[in-house]
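Student: Could you have a look at this structure, given as structure tokens, before my questions?
Please treat every number below as a calculation from the coordinates, not as lab data. What you are looking at is a predicted structure, and each value in this text was computed from that prediction instead of being measured. We place every Cβ from the backbone using ideal geometry, glycine too, and count neighbours over all the protein chains shown.
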């Protein structure tokens, strides 16, 4: 591993993307490869065997801040490609949470996409209409703030910025 940076976790909702990554054999394999060296999605697909899953893994790792990106200088006449590498080699967690909050986050992490869809769509609709405040979203949707933070970290097109939920556009 080249980097020895430590990911510091102060918010229990940061566990959601970590558990997603390391709870999936494909996501973990992609992360492990990126811990060793810089790789493009094409190279990862050759190692893992499924281009769509690799793309999903890289998107999850990018949104979670677990990988960094740079452009690979191509051979003359070829197109440049993005390549990825893991950002952190260690994690340090320092937070307190009630067992109820922790159980909500763990349950949220392992919900199927179908189970999460109504929550994610409701959040996206609220955010598109300008309701981005975590406390307002919690009141409007009848969900705890910790659950909303975790759902936004898991949902496509949303991200958490302080006490706000905002739209997230991947720059792919």
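Student: In terms of the ratio Rg/(2.2 N^0.38 Å) built on C-alpha atoms, what value belongs to the chain?
Tutor: That works out to 1.10 for the chain.
Student: For segment 69-116, what is the relative contact order in percent, using Cα pairs closer than 8 Å and at least 6 residues apart in sequence?
Tutor: 22
Student: Placing one identical point scatterer on every Cα of segment 59-117 and ignoring solvent, what is log10 I(q)/I(0) from the Debye formula at q = 0.16, 0.30 Å⁻¹?
Tutor: For segment 59-117 at q = 0.16, 0.30 Å⁻¹, log10 I(q)/I(0) is -0.79, -1.12.
Student: Taking a spot 7 Å from the Cα of residue 50 along the direction of its beta carbon, which residues of segment 1-38 have an amide N less than 15 Å from it?
Tutor: Backbone N within reach: 21-31.
Student: In which sequence would 153, 125 go, from the one with the fewest C-beta neighbours within 10 Å to the one with the most?
Tutor: Placing the least packed residue first, the sequence is 125, 153.
Student: In µm²/s, what is D for segment 97-158 at 20 °C and 1.002 mPa s, where D = kT/(6 pi eta Rh) by Stokes-Einstein and Rh is the Kirkwood radius from Cα pairs?
Tutor: 183
Student: Take 75, 81 and order them by how many other Cβ atoms sit within 10 Å, fewest up front.
Tutor: Neighbour counts put them in this order, fewest first: 75, 81.
Student: Could you give the length gained by full extension between residue 133 and residue 89, i.e. 0.36 nm per residue of separation minus their alpha carbon distance, to one decimal place?
Tutor: Length gained, residue 133 through residue 89: 12.6 nm.
Student: In terms of the ratio Rg/(2.2 N^0.38 Å) built on C-alpha atoms, what value belongs to segment 6-93?
Tutor: 1.13
Student: Something else: Sort 112-121, 14-23, 131-140 by packing, meaning the average of other beta carbons within 10 Å per residue, with the highest value first. Can you show the working numbers first?
Tutor: Numbers: 112-121: 11.9, 14-23: 18.0, 131-140: 15.5.
Per-residue Cβ counts within 10 Å, averaged per peptide and sorted highest first, yield 14-23, 131-140, 112-121.
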